[in-house]
């Protein structure tokens, strides 16, 4: 039950002891906490990320571009451990003043170009390589509808439902019920859209699918936040079909591994600098070598 004895103060003040699991990295101010330059590898694109759903969007896109033959999409993926506060290093803040992963620096032009916000990174790459966005104007607009739907909806799933159901130090009935209701409404939106469509925008696989699958596809297949039963995820059969189709793609499997620092060690590729890293540098192999 919620605490109905709480009355908000006239002026809010920051209590560093509040916030539960993420109290040490959450704060009401922006900017760097320490000096740390970002590493730069040999490829045109330098990605600084972690394999959360937002991070996976971008690594999936890179792996799909490479699988489609776009050799210019080679990239280095550097691990940003948000639990350790890496996102508050001066170099990362320069790349993304919002201190959220992922951040991309595009070195393919005359001057390095920073690109932040995961949806914008997907759009940047899609436009740069003319890939994974329909060429027909109406179809492209439909894909963009769903990309922006995801960008606006995912915070309800992650920062809303996921936080209060899985991570909040106190289980608040009102908050869990409010965000569970919204999460199920969003799943129902997807269920109805996918009833007559192979992918979100129709027959063509697009950046809208790459953005949405790590969030809502994971919920109905992997059971994100261990809430699969709680949300009756089995009811969303069209979403499950769509998610399984996407997660079975080889490039998506690789993309979900990049910058992973948790889970099955054989599916953790904490940094990616070459395609061969998937065969030689997963965490289980590095552990076996004592590295």
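A few notes on this one:
- Residue within segment 257-279 that is under 30 Å from residue 138 (Cβ atoms), part of a helix (DSSP H, G or I) and at pLDDT 95 or above present: no
- Test result for residue 80, in contact with a strand residue (DSSP E or B) (Cβ under 6 Å, 6 or more places away or on another chain), crowded, with 19+ Cβ neighbours inside 10 Å and at pLDDT 95 or above: yes
- Wholly enclosed helices (runs of 4 or more DSSP H) of segment 58-160 bearing at least 3 residues in contact with a helix residue (DSSP H, G or I) (Cβ under 6 Å, 6 or more places away or on another chain): 118-129, 137-155
- Restricting the first member to segment 1-28 and to residues that are closer than 22 Å to residue 158 by Cα, and the second to residues that are modelled with pLDDT under 85 and exposed (fewer than 11 other Cβ atoms within 10 Å of the Cβ), the beta-carbon pairs closer than 7 Å and six or more apart or on different chains are 23/16; 23/17.
- So residue 49, is it within 27 Å of residue 225 (Cβ to Cβ), touching a helix residue (DSSP H, G or I) at 6+ places or on another chain (Cβ under 9 Å) and modelled with pLDDT under 95: no
- Selection status of residue 251, surrounded by 18 or more Cβ atoms within 10 Å (Cβ to Cβ), in contact with a helix residue (DSSP H, G or I) (Cβ under 8 Å, 6 or more places away or on another chain), in a helix (DSSP H, G or I) and modelled with pLDDT of 95 or more: yes
- Scanning segment 249-274 for residues that are over 28 Å from residue 200 (Cα atoms) and under 21 Å from the mean Cα position of the chain (by Cα) turns up 261, 262, 263, 264, 265, 266, 268, 269, 270, 271, 272, 273.
- Lone qualifier among 209, 204 - being crowded, with 19+ Cβ neighbours inside 10 Å, within 30 Å of residue 129 (Cβ to Cβ) and more than 21 Å from the chain's Cα centre (by Cα): 204
- Residue that is surrounded by the most Cβ atoms within 10 Å (Cβ to Cβ), among those in segment 161-192 that are touching a residue at least 24 places away in the same chain (Cβ under 8 Å) and not in a helix (DSSP H, G or I): 168
- Residue pairs meeting the criteria (Cβ under 9 Å; at least 6 apart or on separate chains; first surrounded by fewer than 17 Cβ atoms within 10 Å (Cβ to Cβ), in segment 133-152; second at pLDDT below 95): none
- Residue in segment 228-241 that is at pLDDT 95 or above, within 22 Å of residue 83 (Cα to Cα) and buried (at least 20 other Cβ atoms within 10 Å of the Cβ) present: no
- Per-region count, segment 224-248, residues closer than 19 Å to residue 205 by Cβ, assigned to a helix (DSSP H, G or I) and out of contact with any strand residue (DSSP E or B) (no Cβ under 9 Å at 6 or more places or on another chain): 7
The values are calculated or read from the model by the stated rules, or taken from the named source; none is laboratory data. This is a predicted model, so every value here is computed, not measured. Here Cβ is always computed from backbone atoms with ideal geometry, including for glycine, and neighbour counts include all displayed protein chains.
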